[in-house]
Amino acid sequence: MKTYSAKPSDVTRKWYVIDASEAPLGRVATQIAKLLTGKDKPMFTHHIDVGDYVVVVNAGNIKVTGEKLDTKMYYRHSQHPGGLKELTLREKMEKDPTHALMHAVRGMLPVNRLRDARLDRLKVYAGAEHNHEAQKPEKISVKEAK
């Protein structure tokens, strides 16, 4: 029996819609990363990008647990002395509601040549509307079990 290895010509991509307001940030991000890498498919191959397109709506209403809105920090540096800038999750969400989700998903993807192409297939919208109805995306629920 031979081991199956996917070829780029074998890949068929589906479209999925995820509502980010259904579950906490990390739960949503792990589901998105799994769909972008294609790990839910039986044809998954490490060196071939077999993932799907993911449209995320309601990213502005994302939930976090505990005090993360005020204690989770995002840092950047201007490469000059004393140039460290820091923002809390609340401040970051006010500036750009989609950044926190994009940042979380980016950190969950493997660091290799396929990461940028996978992130290009992620479409994040702060509100409930998106302009990908023509692709007939399939709705996926990420509700946390209680």
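The values are calculated or read from the model by the stated rules, or taken from the named source; none is laboratory data. Everything numeric in this text was worked out from a predicted model, so none of it was measured. Heads up, the Cβs are rebuilt from the backbone with ideal geometry, glycines too, and the neighbour counts pull from every protein chain shown.
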Considering every residue within region 73-88, establish whether at least one is within 16 Å of the chain's Cα centre (by Cα) and not hydroxyl-bearing (Ser, Thr, Tyr).
no
So Lys136 clears everything in (1) touching a residue at least 40 places away in the same chain (Cβ under 8 Å); (2) surrounded by 10 or more Cβ atoms within 10 Å (Cβ to Cβ) except one condition, right? Which one?
(2)
As an exercise: evaluate Val142 against (1) in a loop (DSSP other than H, G, I, E, B); (2) at pLDDT 95 or above; (3) of a type in the set (Val, Ile, Thr) and give the number of the one condition it does not meet.
(2)
Quick check, is Asp52 closer than 30 Å to Lys2 by Cβ, of a type in the set (Asp, Glu) and surrounded by 14 or more Cβ atoms within 10 Å (Cβ to Cβ)?
yes
Inside region 119-136, can you point out the residues that are assigned to a helix (DSSP H, G or I), over 16 Å from the mean Cα position of the chain (by Cα) and not acidic (Asp, Glu)?
Ala134, Gln135
Being more than 12 Å from Gly38 (Cβ to Cβ), touching a residue at least 60 places away in the same chain (Cβ under 8 Å) and exposed (fewer than 14 other Cβ atoms within 10 Å of the Cβ) is the filter here; which residues of region 1-21 pass it?
none
When Gly83 is run through (1) at pLDDT 95 or above; (2) in contact with an Asp or Glu (Cβ under 9 Å, 6 or more places away or on another chain), the failure sits at (2)
So for region 101-118 (the condition being touching a Pro at 6+ places or on another chain (Cβ under 9 Å) and assigned to a loop (DSSP other than H, G, I, E, B)), does at least one residue qualify?
no
Yes/no for Glu67 being closer than 20 Å to Val17 by Cβ, more than 11 Å from the chain's Cα centre (by Cα) and exposed (fewer than 11 other Cβ atoms within 10 Å of the Cβ):
no
